[in-house]
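The values are calculated or read from the model by the stated rules, or taken from the named source; none is laboratory data. What you are looking at is a predicted structure, and each value in this text was computed from that prediction instead of being measured. Cβ placement follows ideal geometry from the backbone for every residue including glycine, while neighbour counts extend to all protein chains displayed.
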Amino acid sequence: MTREQFIALVTGEQESLRRFLLALCVGHRDDADDIAQEALIKAYMARDKICDNEKFGAWLYRIAYNTFIDHQRSLRTHACIEEAGTLMAENATDARFEYQDLYAALSNLPPKERTAILLFYLKGYTVREIADIVHGSEAAVRQQLSRGREHLKNIMQR
């Protein structure tokens with residue numbers, strides 16, 4: 001894949017990828033931007049490994065998800081629910097996620113459930129595609145979606 005092809009494909013996914021990472025990071029914009037930048041660098045360095053441009057989005061999300069997991073492991077801390085409730089949207093992309101109650105609820109989900117919920121509802125990936133992205137089974141993804149929905153329902157009803 002040439003540099004120009006890579007740039008064209010990334011341009012089409014960049015905002016959606018940022019929203020995904022912003023939601024995974026429960027509104028922590030700086031973390032999401034850092035992870036996005038690192039993921040894009042990793043993707044660029046590995047661009048010769050992608051054979052099917054139609055699967056570029058899922059491939060890029062897999063890299064971004066793995067980068068997020070690596071970032072979480074390095075932090076060994078979790079977002080504070082009180083902090084998530086005070087975040088303010090500062091630009092158009094962030095304004096799409098101005099629902100701070102949702103951020104707070106998402107921050108209470110385990111990372112695997114949060115990822116499955118976000119990829120399914122935010123990006124519209126199928127269960128099979130999510131399983132490929134997170135290197136898991138379809139059954140595990142269905143279970144994470146089910147548990148995630150139930151957890152969100154309970155959290156949002158409080």
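Counting only residues that are more than 24 Å from Met156 (Cβ to Cβ), surrounded by fewer than 17 Cβ atoms within 10 Å (Cβ to Cβ) and in contact (Cβ under 8 Å) with a residue 40 or more places away in the chain, segment 104-141 holds 1 of them. Of everything listed in (1) part of a loop (DSSP other than H, G, I, E, B); (2) modelled with pLDDT of 80 or more; (3) among the aromatic types (Phe, Trp, Tyr), the single unmet condition for Phe97 is (2). Of the numbered criteria (1) at pLDDT 90 or above; (2) outside any helix (DSSP H, G or I), the one Ala79 fails is (1). Selection within segment 1-13: residues that are part of a helix (DSSP H, G or I) and surrounded by 15 or more Cβ atoms within 10 Å (Cβ to Cβ). The member of this set that is farthest from the chain's Cα centre (by Cα) is Phe6. Within segment 34-66, the only residue that satisfies the criterion of being in a loop (DSSP other than H, G, I, E, B) and modelled with pLDDT of 85 or more is Ala46. If you go through segment 48-75 and keep only what is among the basic types (Lys, Arg), surrounded by fewer than 18 Cβ atoms within 10 Å (Cβ to Cβ) and either touching a residue at least 40 places away in the same chain (Cβ under 8 Å) or closer than 21 Å to Ile7 by Cα (or both), you end up with Lys49, Lys55.
Every test in (1) modelled with pLDDT under 80; (2) closer than 30 Å to Glu4 by Cα; (3) of a type outside the set (Val, Ile, Thr) is passed by Ala105 save one, and that test is (2). Entry remark, segment 124-135: residues being of a type outside the set (A, V, I, L, M, F, W, C), in a helix (DSSP H, G or I) and under 16 Å from Asn66 (Cβ atoms) number 2 in total.
Scanning for something under 20 Å from His135 (Cα atoms), over 10 Å from the mean Cα position of the chain (by Cα) and surrounded by fewer than 18 Cβ atoms within 10 Å (Cβ to Cβ), does segment 16-30 turn up at least one residue? There is no residue in segment 16-30 that is under 20 Å from His135 (Cα atoms), over 10 Å from the mean Cα position of the chain (by Cα) and surrounded by fewer than 18 Cβ atoms within 10 Å (Cβ to Cβ).
For segment 142-158, filtered to residues that are more than 20 Å from Ala64 (Cα to Cα) and touching a helix residue (DSSP H, G or I) at 6+ places or on another chain (Cβ under 8 Å), the residue that is surrounded by the fewest Cβ atoms within 10 Å (Cβ to Cβ) is Met156.
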